[in-house]
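One structure below.
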Amino acid sequence: MLTLSRGKGTGGKIKSTPEDFIVREIEANGTVLREGVKYSPSDVGDVNEEEGSFTRFVLQKRDWDTIHALITIGKKFGRGKKSIGYFGSKDRLSVSVQIASLYGVEPLQLMQAKVKDISINGAWKSSKGIELGKNLGNEFSTMIRECKDPDRAAEVIEELGGRMPNYFDRQRFGIRMNNADIGACIIRGDFEGAVMKFLTDTQFETNQNSVAARTRLKEEMDYKAALDYFPRNLGNERMVIEYLSRYDNYANALRKIPRGLLVMFIHSVQSMVFNIALEARIKEEDFKTGRTCKKDFFGFPDIEASGAGKRGEFAIANLIGYETKPEEIDDYEREAMEKMGLATEEMKIKSMPELSMKGQRRVLLAPIKNLAFSQGPHDGSAKMDFAIPSGSYATILLSEITKTQE
């Protein structure tokens, strides 16, 4: 992806250790959650609801991704994936602090739970679980190691001027980088194509056992036999294969995949269109969209306070959906849709209506707050602290600084 800044980067590596990538969630009231601090509900703008069926809690973790950390905690109390909630998933290779929720477990039970490299820094009752995207953003403390020229960081920071391209980063598109391809097949009604990409794509697959299994299935197309050799760790794939070993219905086979992942496939298509259009805008240095939004009390974009022709702080663009009006689609978005072979009406997926997307909006350039840069403790290292809005990616900013893709 084309960077916003043109200056040379520092080079170097990020996430060499979990401590090199510290993530602190910023709550709706502006509280920044910090490591090792105990929190009460009032600290984060919440209330203790003694009759509530959920427990909200402050989760601190090291070298765990959010979902697996919460699933592991839930299993201790006989609770499954549907019982957990969180505002946003934090990177595995990090130290992170965030609010999460669990259904049907008492706060005291959670506080006493013992899981390696996880601590619960406060817990209270609530009548509602946590929903995605309801926090303001995240604060980061990061270390870049093995820099060729750490001094270049200051030059890039000055050039960026407190903003960064609001690209969706690689994790949006899956470990095998094929989420958008699978999503495009679903949108077009090619459910067999979507299933085969999900089961047999091997590009960027690093596990050799998985490569061998996917390749064999593609060659033999024998689902019953595949159940004997497909790796147990590919649980979602095995559920699809098991269904297809008995029934010839690819749409229903896809429904064996957790809904959250299916939705991510469609989101990935929207994200790809957005990224292609944003990259074209950066190339042309054109960030006028005719629609802006204001900033909230923290200085982050308030997408709800947006409109055409209104005077705001941040230019916003579309995440294409079936309710996106043709007159609101600009030339950059239209060209990106053509590259993807996508039409807005196709986002209303008749055969799988539960995956249909109305469309949303997203800022083109995200603000960077409280940005501080200093030389790291070792030669060739640089330390960066900053805060960015929910839905923006720290790795995109770090790629601007290093000019490398992590």
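Say we join alpha carbon atoms closer than 10 Å with springs in a Gaussian network model of the chain; which of L364, L136, L199 then has the biggest fluctuation?
L199
Can you list which of the DSSP-assigned H helices in the chain have a Cα extent of 27 Å or more along the long axis and an average Kyte-Doolittle score of at least -0.5?
Passing helices, by number: 259-284.
Excluding same-chain pairs closer than 8 in sequence, count the lysine pairs in segment 70-175 whose Cα atoms lie under 24 Å apart.
Total qualifying Lys-Lys pairs in segment 70-175 comes to 29.
Choose one answer from Y86, Y250, Y393: the residue with the largest mean-square fluctuation in a GNM of the chain with alpha-carbon springs under 10 Å.
Maximum fluctuation in the GNM of the chain, among the listed residues, is at Y250.
Rounded to whole Å, give me the distance from the Cα center of segment 353-385 to that of segment 188-240.
34
If N is the number of residues in the chain, what value comes out of its Cα radius of gyration divided by 2.2 N^0.38 Å?
1.03
Could you give me the radius of gyration and the Dmax of segment 92-242, taking only the C-alpha atoms into account and expressing both in angstrom?
21.9, 59
For the residue pair N249 and S16, what label-to-label distance in nm results when each label sits 7 Å from Cα along the Cα-to-beta-carbon direction?
Spacing of the two 7 Å Cα→Cβ label points: 5.5 nm.
With the crude spin-label approximation of a point 7 Å out along Cα→Cβ, what separation in nm comes out for D385 versus S89?
3.0
Got a sec? How would I266, I182 order by Cβ neighbour count within 10 Å, fewest to most?
Least crowded to most crowded, the residues run I266, I182.
Taking springs between alpha-carbon atoms closer than 10 angstrom, which of G36, G85, G162 fluctuates most in the Gaussian network model of the chain?
G36
Residue farthest toward the positive end of the dipole of the chain, with Cβ of Lys/Arg at +1 and Asp/Glu at -1: which of F168, I187, P18?
Selected residue: P18.
At a Cα cut-off below 18 Å, give the lysines reachable from K348, other chains included and same-chain residues fewer than 8 away excluded.
Partners found: K325, K358.
All other residues with a Cβ under 11 Å from the Cβ of A28 taken together, and with Lys, Arg as +1 and Asp, Glu as -1, what is their net charge?
-3
How about segment 253-361: which GluC sites (Glu not before Pro) there are in a DSSP loop, with at most 16 other Cβ atoms within 10 Å of their Cβ?
Filter output for segment 253-361: E285, E313, E323.
Using a simple spin-label model with points 7 Å from Cα along the Cα→Cβ vector, what separation in nm is obtained for Y229 and M177?
Between Y229 and M177, the label points sit 2.7 nm apart.
Local charge sum around N138 (other residues, Cβ-Cβ under 9 Å, Lys/Arg +1, Asp/Glu -1)?
0
No value in this document is a laboratory result; all are computed from the given coordinates. Quick caveat, the model's predicted, so the values are computed rather than measured. Here the Cβ is made from the backbone with ideal geometry for all residues, glycine too, and neighbour counts use every protein chain on show.
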